[in-house]
Structure formats: C-alpha cells, structure tokens
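This is the structure I want to talk about, given as structure tokens.
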Amino acid sequence: MGEEMGLRERKKIRMYQEVSEVAVRLFLEKGFDAVSVAEVAAAAGISKPTLFRYFPAKEDLVLQQIADHREEAARVVAGEARPVDALRRHFLDALDRCDPITGLNDDPGVLAFHSLLYGTPSLVARLYEYQERSEEALAEALGGGLDGRLAAAQIIAVRRILAQENWRRVAAGEGVEQVRGDAVAAAERAFGRLENLLEDH
C-alpha cells in the first residue's frame, strides 16, 4: 500500500512539473496574457478541469517551477542553534552553485523565466503570496509568535532583494563572474546585519 501511495505521489509530482513546463514554454513564446488556460491544457494533453485540479490559478503554472523553494528557509533552520548563520551559509552555497533562485545565473532560459516572472504583474502578486507562505513556515520554525513572524519577514525580504539585485545586473548584461564578488559581499553584509539584529535579542 505504501509503495502504491509512493508511486501515485511521484506520478502526481511528475504531472505538476510536466504541465508547468508546457505552460512556461507557451508563456515565453507568446506572453503570459496571450495564452489561455484552455490552450495550456490542450498542449499538455489534459482537460481544463484536470488542469485546475492541479493548478488553482493560471499563475501557479509558472510558480510551480520554484515551488520546491517555498519552505526551504524553514527546512534550513530546523534544529539550528544559529538560524540566521545557517541561512547565510545556505545562500552563499547557492551563489557558489549559481542556483537560479539567487539570481546569479546567466542561462538564457533562466533569464527568460525571471523576465516573465518579474515582468508580469499578476505573477509578481502571486509570488508575494508564495513568499507569505514561506514566511509563515519560517516563522513557525523560528518558534512562532510575533518575534518569529518579524524575524521571518526580514529574512525572506533579504533573500528576495539580494536575488532580485543579482538578476537585475545579470539581465542588464553583466557577466556572472563580474557580479559574483558583489553578490557574495552583499549577502555577507545583509545576513551579518540580520544576525546582529535578530540573535542578540
């Protein structure tokens, strides 16, 4: 029974990813607003009701690409005595790998995806909802309450702003290696300030 459930879950995850990839390809070709949900469903070989069962909103078709990162911060701090330092190390490691989530990535597909994401108002609005869920999960991992929520909001904002600055510079034509030094220094500075602010209280 457990194996059957595992197989079903894997098939569901694969379906999410495949439909999302079809949708993003169409959105990049024609523009987010120019493609209907019905068109995505047809291209993915599923019915429109089935698509809505997996993706309640059209914007979720795009944000599925970063869904794995939604509770990442909460996972990173779990069991850590110095959560901000753990997040700093995690972000620096992601910069070192040029993880697209840091914005320090010049792959044409990644740049096109970020342009779609940040250049479409309804996607930006939906992204904020995703980030609110990240905040909630992180706040809980930090002990909950007002202090946990305040700390989580500041941490999520720092990660978002650092990534957007990196993406902005790379999208404007600067090479990854040109940006890398500043990106690392900015992350060290920002997380250092957070650590002083949050962990001394």
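Got the relative contact order for the stretch 57-201 handy, in percent, Cα pairs under 8 Å and 6 or more residues apart?
33 percent
If you don't mind, another one. For the stretch 82-96, take each phi angle, set θ = phi - 60°, evaluate the Karplus expression 6.51 cos²θ - 1.76 cosθ + 1.60, and give the result in whole Hz per residue in order, putting x for glycine and proline.
10, x, 5, 5, 4, 5, 4, 4, 5, 5, 5, 5, 5, 4, 4
Taking the Cα atoms of the stretch 87-201 alone, what are Rg (to one decimal) and Dmax (as a whole number) in Å?
Taking only Cα atoms of the stretch 87-201, I get Rg and Dmax of 14.8, 43 Å.
Also, I was wondering about something else. If every alpha-carbon in the stretch 6-56 counts as one equal scatterer, what log10 I(q)/I(0) does Debye give at q = 0.21, 0.23, 0.31, 0.32 1/Å?
Taken in order of the listed q values, log10 I(q)/I(0) reads -0.71, -0.82, -1.23, -1.27.
When the dipole is taken about the Cα centre of the stretch 117-201, and only Lys, Arg (+1) and Asp, Glu (-1) are charged at their Cβ, what size is it in debye, to the nearest 20?
Approximately 340 debye in magnitude.
Related question: HN-Hα J couplings of the stretch 177-187 from phi, Karplus 6.51/-1.76/1.60, θ = phi - 60°, integer Hz, Gly and Pro as x?
For the stretch 177-187, the Karplus-derived couplings read 5, 5, 7, 3, x, 5, 5, 5, 4, 5, 5 Hz, x marking Gly and Pro.
Here's something else I'd like to know. Could you work out the helix-only [θ] at 222 nm for the chain, with each DSSP H run of four or more residues adding -39,500 (n - 2.57) and the total divided by the number of residues, to the nearest 500 deg cm²/dmol?
-25000 deg cm²/dmol
Out of (1) 1.00; (2) 1.41; (3) 1.04, which label holds the value of Rg/Rh (Cα atoms, Kirkwood Rh) that was computed here?
For Rg/Rh (Cα atoms, Kirkwood Rh), the calculated option is (1).
At a probe radius of 1.4 Å, what is the per-residue accessible area of SER115, in Å² to the nearest 10?
Here the residue's solvent-accessible area equals roughly 60 Å².
For the stretch 73-115, what Kirkwood radius comes out of the mean inverse Cα-Cα distance, in Å?
Value: 11.4 Å, from the Cα pair sum.
So what are the stretch 30-81's ellipsoid semi-axes, whole angstrom, largest first, if each one is the square root of 5 times an eigenvalue of the alpha-carbon gyration tensor?
32, 12, 7
If you bin the C-alpha pair distances of the stretch 99-155 every 10 Å from 0, what whole percents do you get?
Spelled out per bin, shortest first, that is 23, 34, 31, 12, 0.
Of GLY144, SER36, TYR16, which is farthest along the charge dipole of the chain in the positive direction, counting Lys and Arg as +1 and Asp and Glu as -1 at C-beta?
The listed residue farthest towards the positive side: SER36.
Determine the order of LEU117, LEU142 by accessible area, beginning with the largest, at a probe radius of 1.4 Å.
LEU142, LEU117
As a test of reading the structure, rank PHE52, PHE113, PHE27 by solvent-accessible area (1.4 Å probe, protein chains only), most first.
Descending order: PHE52, PHE113, PHE27.
I would also like to ask the following. Kindly express, to the nearest 10 degrees and within the range 0 to 90, the angle between helix 2-30's C-alpha long axis and the longest C-alpha principal axis of the chain.
For helix 2-30, the angle is close to 80 degrees.
Please work out how much length the chain gains when fully extended from ARG133 to ALA78, using 0.36 nm per residue of separation minus the C-alpha to C-alpha distance, in nm with one decimal.
Taking ARG133 through ALA78 to full extension adds about 18.2 nm, to one decimal.
Take the alpha carbon atoms of the stretch 23-120, find their radius of gyration, then divide it by 2.2 N^0.38 Å using N residues; give the quotient.
Computed over Cα atoms of the stretch 23-120, the ratio equals 1.33.
Measuring from label point to label point, each 7 Å out along Cα→Cβ, what is the TYR54 to ARG10 span in nm?
Output for this residue pair reads 1.7 nm.
Checking the a/c ratio against 1.5 first, then a/b against b/c, what shape does the Cα gyration tensor give for the stretch 125-174?
Cα axes put the stretch 125-174 in the prolate bin.
Tell me, what is the per residue accessible area of the stretch 28-119 in Å², probe radius 1.4 Å?
Per residue, the stretch 28-119 has 49 Å² of solvent-accessible surface.
The values are calculated or read from the model by the stated rules, or taken from the named source; none is laboratory data. These numbers were taken from a predicted model, which means no experiment stands behind them. Note that we place each Cβ from the backbone using ideal geometry, even for glycine, and neighbour counts take in every protein chain shown. We work out accessible area using only protein heavy atoms, side chains counted, and drop any ligands, DNA or RNA first. Shrake-Rupley method; radii C 1.70, N 1.55, O 1.52, S 1.80 Å.
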